[in-house]
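Asks: Supplied in structure tokens, the structure appears directly below.
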Amino acid sequence: MNESGYSGSMDPGQVEALYALYATDVLRVSYFYLGNRANAEDVTQDVFVRLMQANPELVPGKEKAWLLKVALNRCRDLWRSSWHKRVLLGSKKLEIIPAHDEIENLTEKEALMQAVGALPAGEREIFLLYYYQNYSISQTAEILGLPEGTVSSRLSRGRNKLRQFFDGGDPLDPT
């Protein structure tokens with residue numbers, strides 16, 4: 001056994017166990033990022049294929065962080081590709097978002113999800129990890145490879161943009 005707690009190569013049983021634990025989280029993050037269930041399912045499948053191929057040194061307790069980081073990287077790749085549309089008007093992003101939030105009104109939920117989805121990628125990724133996956137600022141910073149101060153300031157900027165949006169301004173205007 002190596003220092004990560006796993007033996008030399010990851011057997012199919014280990015991959016299956018990680019899939020059972022974290023596939024839904026990977027799918028949710030991917031779906032929110034991309035706004036398309038088929039693409040999110042492709043990303044989820046790709047993440048677990050990469051897990052088998054890369055055979056990474058996973059630290060026990062950090063498996064989910066590795067999987068989400070790979071998923072976000074793959075989503076970014078798809079988002080940048082020429083065939084992916086950057087405007088996702090009218091998508092049903094709430095279909096698989098966790099119901100743990102406190103907003104009761106579906107219209108408000110949709111507006112919030114569209115507003116978060118319209119944030120710049122760096123802020124959107126931080127929102128996904130911090131609010132929807134319940135990672136702390138330091139864990140989010142570690143997953144994204146950013147300083148904690150950067151994560152905090154992007155989170156603050158994103159909150160301000162959302163607050164302005166719901167107060168009637170247009171925080172998502174890049175000017």
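The values are calculated or read from the model by the stated rules, or taken from the named source; none is laboratory data. Keep in mind that this is a model prediction, so the values were computed, not measured. We place every Cβ from the backbone using ideal geometry, glycine too, and count neighbours over all the protein chains shown.
Asks: I'm checking my understanding of the structure. Among residues of the stretch 117-139 that are farther than 11 Å from L72 by Cβ and not in a helix (DSSP H, G or I), which one is modelled with the highest pLDDT?
Replies: S136
Asks: Could I ask something else about it? Of all residues in the stretch 12-39, how many are small (G, A, S) and in contact with a Lys or Arg (Cβ under 8 Å, 6 or more places away or on another chain)?
Replies: The total comes to 2.
Asks: Among the residues that make up the stretch 82-91, is at least one of them outside any loop (DSSP other than H, G, I, E, B) and either modelled with pLDDT of 85 or more or out of contact with any Gly (no Cβ under 7 Å at 6 or more places or on another chain) (or both)?
Replies: No, there is no match, as no residue in the stretch 82-91 is outside any loop (DSSP other than H, G, I, E, B) and either modelled with pLDDT of 85 or more or out of contact with any Gly (no Cβ under 7 Å at 6 or more places or on another chain) (or both).
Asks: Oh, and also: Quickly run through the stretch 51-69 and pick out the residues that are in contact (Cβ under 8 Å) with a residue 24 or more places away in the chain and either assigned to a helix (DSSP H, G or I) or in the same structural domain as I143 (by TED's automatic domain parsing) (or both).
Replies: Within the stretch 51-69, L51, M52, E63, K64, A65, L67, L68, K69 qualify.
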